[in-house]
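For reference, the structure discussed in these notes is given below.
The values are calculated or read from the model by the stated rules, or taken from the named source; none is laboratory data. Remember, predicted model here, so these are calculated numbers, not experimental data. Every residue, glycine as well, gets a Cβ built from its backbone with ideal geometry; the counts of neighbours run over all protein chains shown.
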């Protein structure tokens, strides 16, 4: 059966598809498959209809499987994006905290987190001029609060009855 006249100029530039997306040349979309199947049914010889209905059912089930794989792939990509966002939030919440972790040489590194950066897909915590990977943290503590003056003491600012 010849269905070459039903395909048209596929593969010449991006083709619009429903939903505003575009397909890349050479990629079949859902509508392309359905058009081919309808064309196959329309142009079959009426005196010799498709003898093998299992072939049609096989094609339909394969089409459904491919569609579900595409849907699953989209969902996995979204989960990966959400996970990356959560890692950034976790790292940013550590800014100002005192941490201890292993450096690349296996030694311990301790300091207050001053920033976060991404290196080769891995989040790194900046400890002044040094850095450690978020995955190499061993301990996190609240950083000591700096005193407001050299001899600052809250009791010095209160009156005899505990009032300022």
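Within region 77-84, identify whether any single residue is within 30 Å of residue 35 (Cβ to Cβ), loosely packed, with under 12 Cβ neighbours inside 10 Å and modelled with pLDDT of 90 or more, and answer yes or no.
yes
Among the listed residues 31, 58, identify the single one that is under 29 Å from the mean Cα position of the chain (by Cα), farther than 30 Å from residue 122 by Cβ and either modelled with pLDDT of 80 or more or surrounded by 10 or more Cβ atoms within 10 Å (Cβ to Cβ) (or both).
Only one candidate qualifies: 31.
Only one of 115, 106, 111, 128 is under 27 Å from the mean Cα position of the chain (by Cα) and more than 30 Å from residue 31 (Cα to Cα); which?
On the way: 106 fails: under 27 Å from the mean Cα position of the chain (by Cα); 111 fails: under 27 Å from the mean Cα position of the chain (by Cα); 128 fails: under 27 Å from the mean Cα position of the chain (by Cα).
Going through 115, 106, 111, 128 in turn, the sole match is 115.
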